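Report on the following structure.
Here, each number is a calculation from the coordinates, and none is a lab measurement. Because the structure is a prediction, the values reported are computed rather than measured. Cβ coordinates were reconstructed from backbone atoms using ideal geometry, including for glycine residues, and neighbour counts include every protein chain displayed.
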Amino acid sequence: MPLLRFLPDESNIDFVGARWYAFAVDGLLLLVTVVSIAWYGFNLGIDFKGGVLLEVKSPQVIDIGKLRDDIKGLGFADSTIQYFGGGACDTPANSCALIRVLPRADQSGTAAAGAIRAKLGTGYNFRNTQVIGPKVSAELFHDGVVATVLAIICIAAWVAVRFEWQYGIAAAVATGHDVLVTAGLFSVFHLDFTLTSIAALLTLAGYSINDTVVVFDRIRENRRKYKRMSLPDLINLSTNQMLTRTILTSALTASSIIPLLLFGGPALFDFSVPILFGIVVGTFSSTYVAAALLLYLPAPAGTRTDEKATA
């Protein structure tokens, strides 16, 4: 029984010819991103602003929804509550919670911790309480940005070694573009930018390079098979050959993220939104942008760059 296919095996889309439209869309996205980050910056969450962190344990399973309502009723500027496990927290399951709050402007960290203790009462065991200052949080934000940039550089270096340096540069530009535009999503829509957001960007960098490497590998394979074919035609041929695989992979990945977005609650919202957006942007850049950038770099040895192709 033949497999269900959304695209014909022999699609013949002129990706290279449409690159200027793709560059225009990317340019607009980058412009909006840069302007928004420069003008509004990021809506930094508790992780990057400082605040109060408490680890609490209950002898019973914690109702996380009720706990959120209790903490929200105290009127903090921001708050995040989530389960965490390990050790004594596994008995019973979901008996420990991590509470992060950003005190009001007229409230100290010690006073905020005291208000939480008074609200929760003796039904909870307060295992750890930390007041995190803005200096530590600023260092955490800096380290998160550095980690993201280093991840992109390491990915590009691996592609350059695995393929050729031209591919490494194209991969760095495409992956960096995907991560930057997705980071701009937080600025444009004023989403909370937290450590979860950094994790989402790092995850996206790994996902983005996956499709790019698949197309690059097919280009390299076709270079050996069609030694007289020009680079533009090699790009079109390789991208068309991998198009069904790219669309199916992106669609299946997105289908696993959508339930997290709809039913994951506030704790997963800041992770699932950028991942879903990044899948769309990453698929677009891998298909239309990454390989097309090879046209503006010195051609790999033995590759024709003229528009007329001969297989």
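Observations, loosely collected:
- Dipole magnitude (debye, nearest 20) for the stretch 51-132, charges at Cβ of Lys, Arg, Asp, Glu: 100
- Residues in the stretch 214-230 that a label on Arg162 would reach, taking backbone N under 12 Å of a point 7 Å out along Cα→Cβ: 214-218
- In this rough spin-label picture, where each label sits 7 Å from Cα along the Cβ direction, the Lys225-Ile258 distance is 3.3 nm.
- Note on the chain: GNM, Cα springs under 10 Å; of Arg19, Arg245, Arg127, the largest mean-square fluctuation is that of Arg127.
- Counting only alpha carbon atoms, the long axis of helix 109-120 and the longest principal axis of the chain meet at about 70°.
- Whole-percent pair-distance distribution, where bins are 5 Å wide, for the alpha carbons of the stretch 51-132: 3, 16, 30, 26, 15, 7, 2, 0
- Under a Gaussian network description of the chain, with springs only between Cα atoms under 10 Å, the residue in Gly45, Gly114, Gly278 that fluctuates furthest is Gly114.
- Each of Asp217, Asp233 was scored by other Cβ atoms within 10 Å of its Cβ. Arranged with the fewest first, they read Asp217, Asp233.
- Every Cα-Cα pair of the chain was included, and the share exceeding 34 Å stands at 37 percent.
- Highest average packing first - 254-260, 186-192, 283-289, Cβ atoms within 10 Å: 283-289, 186-192, 254-260
- Subtracting the Cα-Cα distance of Arg245 and Ala38 from their residue separation scaled by 0.36 nm leaves 70.8 nm.
- Residue (of Gly144, Ala205, Ile219) at the positive-pole extreme of the chain, dipole from beta-carbon charges: Ile219
- Cα-based reach from Lys57 at 18 Å (exclusive), listing lysines while leaving out same-chain residues under 8 positions away: Lys66, Lys119
- Here the Gaussian network model covers the chain, with springs between Cα atoms less than 10 Å apart; of Leu29, Leu293, Leu248, Leu248 fluctuates the most.
- Between the stretch 189-231 and the stretch 248-269, the alpha-carbon centres lie 20 Å apart.
- Cα-based helix-to-principal-axis angle, 243-263 vs the chain, degrees rounded to 10: 10
- Approximate spin-label separation Lys135-Asp217, in nm, with each point projected 7 Å along Cα-to-Cβ: 4.9
- Angle of helix 195-225 to the longest C-alpha principal axis of the chain, folded into 0 to 90 degrees and rounded to 10: 10°.
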